[in-house]
Amino acid sequence: MPDDIKSSPRRLAITGMSCAGCVAMVETALRGVPGVAQASVNFAERTAQVSGDAATATLIQAVQQAGYDASELRDDDAEAERDAAEQAHYQRLVRNTIAAGTLAAPLMIAEMAGWLPALTSPAGRWFWIITGLLTLAVMIYSGGHFFTGAWRQFRHHNANMDTLIALGTGAAWSYSMLVALFPASVPTLAQHAYFEAAVMIIALINLGSALESRARGKASAAIARLLGLRPKTARIVEGDQERDVPIETLQVGALIRVRPGEKIPVDGEIVSGHSTVDESMLTGEPLPVAKQVGDSVTGGAMNKTGSFVFRAHRVGADTMLAQIIASVRQAQNSKPPIGRLADQVAAVFVPAVLIVAVLTALAWFNFGPEPRMSYMLVTALTVLIIACPCALGLATPISIMVGVGKAAEYGILIRDGEALQRVGQLTTVVLDKTGTVTTGRPTVTTVIARPGFSEDEIFGWAAGLEAGSEHPLAHAILDAARERGLALPAVEQFEAIAGHGVRGSVSGRALWVGNRRFLERQGIDVALLQVETERLAATGQTPIFVAVEGQAVGIVAVADPIKPDSVVAIHRLRELGLKVVLLTGDHAVTAQAIAAQAGIDQVHAEVLPTDKAGVIAALQAQGEVVGMVGDGINDAPALAQADVGLAMGGGTDIAIESAGMTLVRDSLHGVADAIALSRATVANIRQNLFGAFIYNTLGIPLAAGALYPMTGLLLNPMLAGAAMALSSFTVVSNANRLRGFRPAQPR
């Protein structure tokens, strides 16, 4: 595959977008490229994310043909360049505001004080002609980008916010210059110049854009913080020598020393030394974690007290931090269902406003009082200026950017905006037991042997068979066998039956190790062990049966303790109004005991991995909106079936790939945090959309003169410019309130 063709999502920096209507144009252009599977434009970030195998050069060409420009964001250096360009753009907007305001403010004050000469006097004509030329120079300097943007859109048969501003201010200046040059060409009552209005509108719009740009920078601070977690260099150990190298040159297998107060450069495993590590920026867990030989460490975490050497296991784009950054970026560029209406409205908004402005002008010219031309100009200008789709376009993506970034702070990785919206609508949360409610690190607690067999004999057979299994309970049995110093027998004809157990033969004797259902399906009677089974299960221990030659001969009991924070986290879920269900393949009595300890009412036990998705589907058929929380391969179908799948961060890759969210913190508190954050984010989006719709719904009729017949009042074009400028800033500021989100603590 050529270098410029990639199947992984690509990010493009888009320049030239001025309003929400531009989003639809760019997305349409990108989706029209052969090979593009999906394209999403983030107006708040001025980026596009494209999936498919189309060449990057073809994507950029398509954007350019739509009247915009694009460049690929390949790495963090490109991101830094884009951020620098955004900062330069902000500073340019500030300069534009100052330049336009410096001319507009004195003109406005003099106009209100009555100090300006009349247009019809000889001195007045020259004053207004010179003022018009000064105004033109300022409009070119401070507002030239509006006119060039409008012309570019006109050439591509499109219209956007630049079109509205250029038409409005251009019409005001042209009319004023006509009156200054040829005052007799218009009726006496219409002899009025609007130079100060044109330049003040440009000043206010530049000011609003500057404030919006500054606020957008705060909204995207999550990515900047995550990027800031990576050190630039790493100290590698080579024999007796140590040297600092750029982090980009690190290879898997390198030995790296981390000293107190340093950031861990990449992911790996400690081979010598010990320390405590602050992982709060990655997992949301506030307390430092003790690390020693054999423990894994994550790039970006801060080493606190000790010094250690670790072996690099994942570098570059494979590290957890790199994947977190990629996940956050992907989610920030996605759109939840609630935001699609705004995109549909914005796509036709500017043409609709142009039609309304023309109808307003015709109505005032034909039916308005004298001076009709002045009224016609003022009302049409005000309609063009006040009707800004920017707030509409920013309403959703800016909240998503802040919400997704905030989620990352709490160790919640969100795959897309739809998952962020949907998780707040959940009515039922289904929890896998092992590794989700419990620690996932079971230990052997009891070995029971029937008369005629020894515990070591039973245990040795079980461990010998389980040596070929990947099940967590198998690992617990093997660890305990090693601690006892037992020699594992050679196993022949080994076979693992998913969700049931294992079988094989040792020294010619047929063996079975597994759950009750497994043995009973083999025709093996376990009734003689019924009393022991019930006693173990009632205390939360999982009985694993051992059978030899068709006879049940003993039990190996394994207990998987509940995580220290599971009870409180489940209580939080219930406080949020959700039903909590335990779904496990474990023994029914054991599952009931774990559920009782954790505060869970509803239990589905002894469920095969292939049937877990069916339980989810049955709950959905009852009208429940279901979230599934799991960590294993056997949870993947259920995670995919659920309305929202939430994978525990310590789980398998396939479980994480099947889920809409990943909880890096590996705690059920992440589920409660995700739901609370989702509800706060969606509420924030609704506030933004309501404000944007109300602003335009009320603003356009007012600008057109709806109140004039009753009150004799018209909306001043400069007030319209101020309202338009502040509307986007208000939306962005409201979204930034999410940065102060804190999950409610359980009562």
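The values are calculated or read from the model by the stated rules, or taken from the named source; none is laboratory data. These numbers come from a predicted model, not from an experiment. Please note: Cβ atoms are built from the backbone with ideal geometry, for glycine as well, and neighbour counts cover all protein chains shown. The accessibility values were calculated without ligands, DNA or RNA, using every heavy atom of the protein model including side chains. Shrake-Rupley method; radii C 1.70, N 1.55, O 1.52, S 1.80 Å.
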Options 136, 213, 197, ranked by Cα towards positive dipole end of region 83-219, top entry (Cβ charges): 213
Simple label model, 7 Å out from Cα along Cβ direction - residue 287 to residue 490, nm: 4.9
Taking R0 as 30 Å and r as the Cβ-Cβ distance between residue 28 and residue 248, the FRET efficiency 1/(1 + (r/R0)^6), rounded to the nearest 0.05, comes to 0.20
Please compute the net charge surrounding residue 93, taking Lys and Arg as +1 and Asp and Glu as -1 over other residues with Cβ under 13 Å from its Cβ. +2
Run the dipole for the chain about the Cα centre, Lys and Arg Cβ at +1, Asp and Glu Cβ at -1, nothing else charged, and hand back the magnitude in debye, nearest 20. 2400
Could you tell me which of 9, 548, 393 has its Cα farthest along the dipole of the chain towards the positive end, charges placed at Cβ (Lys, Arg +1; Asp, Glu -1), taken about the Cα centre? 393
MRE, 222 nm, helices only [DSSP H, n ≥ 4, -39500 (n - 2.57), over the chain, to nearest 500]: -17000 deg cm²/dmol
For region 30-41, Karplus-derived ³J(HN,Hα) couplings (6.51, -1.76, 1.60; θ = phi - 60°; whole Hz; x for glycine and proline) come out as 5, 5, x, 7, x, x, 7, 8, 7, 9, 9, 10
At 10 °C and a viscosity of 1.306 mPa s, what translational diffusion coefficient does Stokes-Einstein give for the chain, taking Rh as the Kirkwood radius over Cα pairs? Give it in µm²/s as a whole number. 53
Quickly work out the residue 74-to-residue 601 label distance, labels modelled 7 Å from Cα along the C-beta direction, and quote it in nm with one decimal. 5.8
Ranked order, 162, 565 - accessible area, probe 1.4 Å, largest first: 565, 162
Projected label distance in nm at residue 427 and residue 359, using a 7 Å step from Cα toward the beta-carbon: 4.2
Can you give me the C-alpha center-to-center distance between region 587-625 and region 109-148, rounded to a whole angstrom? 75
With DSSP loop assignment and no more than 16 other C-beta atoms within 10 Å, the chymotrypsin sites (Phe, Trp or Tyr not before Pro) in region 18-115 are 115
Ordering of 542-554, 116-128 by packing [mean C-beta count within 10 Å, highest first]: 542-554, 116-128
Kindly provide the trypsin sites (Lys or Arg not before Pro) of region 221-308 that DSSP labels as loop, not H, G, I, E or B, and whose Cβ sees at most 10 other Cβ atoms within 10 Å. 232
How large is the charge dipole for region 152-251, taken about the Cα centre, if only the Cβ atoms of Lys, Arg (+1) and Asp, Glu (-1) carry charge, to the nearest 20 debye? 180
Selection from 700, 488, 539, by position along the positive dipole direction of the chain (Cβ): 700
Past 24 Å, Cα to Cα: identify those pairs from 433/579; 433/612; 218/291; 218/335, in the order given. 218/291
